[in-house]
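Following: one structure in structure tokens, then a few remarks.
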Amino acid sequence: MSLFLANESDPIAHIVDKGVLGFKLFDQPVMLSMITLAVCAIVLYLLMSKAAKSIATGPASMGNRRFIPIGAFSALVEVVIVYLRNEMLIPVMGERLTKRYLSFLLSLFFFILALNIVGLIPFIDIQDAVYGLMGKHFDIKEHETSAIFGGAATASISVTGGLALVAFVVIQFQGFRELGVKGWLEHLCGGHELVHGSIFLWLVVPIIFIVEFFGLFVKPAALAIRLFANMVAGHTLLITLTMFGAMAIKAGLGIFAVGGITAVSGVGAILITFLEVFVAVLQAFIFMFLTAVFISLMSHEEEEGHGEHGDADESAPASGHLSQQPAH
């Protein structure tokens, strides 16, 4: 509550990334988002490793039970992976590219999803409450905070920009690997047919090259800005709603007015929270899916259209429950 009262006029203060008091690295402050990224990465790795072991096909002595994942979380992970692979990625990328980049794309999806979900949990305010119970002062300033974990990491443009940079590197790696330097340049000029076509078509090649060249950077930048903007907007709205009660108390309103405002704002915050959970999943999916689309654009044309009639059985993993799912 003290954080709400102290920052009632500036909900952005709860969202902006801050340095952690007392933590420095090479004389530079360690940002809260950096710790959140590291913790989420470690926890996600442990959870997914456990899920992978539960999903893996067991020994033949288990009978048909060996094909059933152990635990609800593992079953959910399997369903999500199978759906994303068969219904979303294969139709866009084809069997070969999906098999090559599936691990990267799924890691991207689950990591962004984990960051988005953590951002919805008020870890900073929980730490404030704990500090109060311990008789300590919780400090939160414009650029520093006493919190050591939490916050909306994906509401920081540096985090989303870093994720977009990784996507950019993978996209260009696929372009050079699949097309070569010559093919990559031809792709920027409109394709082989245009470059080696009529001499009169060469007049539009410089224009296409400029558009495609800047598009190399605009596409990942759009990924970063879209994720950043959606997270900032959602968290700002949610925090503003939850601060109405504290604002009413500070304004000196009566108990009935404060109770009414708190109840209405609380219901609104709950509804917005459900919407934010949906947005968290949606934005993680959009980031992953558009990255897959951009990767597929850097491949040969014969990869297109393999989603429905690809050799699913040949490219599926040799073991595990995922190998039992046919591709559509």
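Readers should treat all values here as calculations from the given coordinates under stated rules, not as data from a laboratory. Computed from a predicted model, the values in this text were never measured in an experiment. Methodologically, a virtual Cβ is constructed for each residue, glycine included, from the backbone with ideal geometry; neighbour enumeration extends over all protein chains shown.
Numbers below:
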{"quantity": "Span from the segment 244-273 Cα centroid across to the segment 100-147 one, whole angstrom", "calculated": "25 Å"}
{"quantity": "Virtual spin-label span in nm between V80 and I207, 7 Å along Cα→Cβ", "calculated": "4.5 nm"}
{"quantity": "Pair-distance profile P(r), taking every C-alpha pair of segment 109-243, with 10 angstrom steps and integer %", "calculated": "11, 27, 23, 16, 12, 8, 3, 1"}
{"quantity": "Cα-projected label distance for F217 with S107, points at 7 Å along beta-carbon direction, nm", "calculated": "2.7 nm"}
{"quantity": "Contour excess over end-to-end distance, with Cα ends at A41 and F73 and 0.36 nm allotted per residue", "calculated": "9.8 nm"}
{"quantity": "Pair H192, A233: separation of 7 Å Cα→Cβ label points (nm)", "calculated": "4.2 nm"}
{"quantity": "Efficiency of FRET between L21 and V281 - r from beta-carbon atoms, R0 25 angstrom, step 0.05", "calculated": "0.15"}
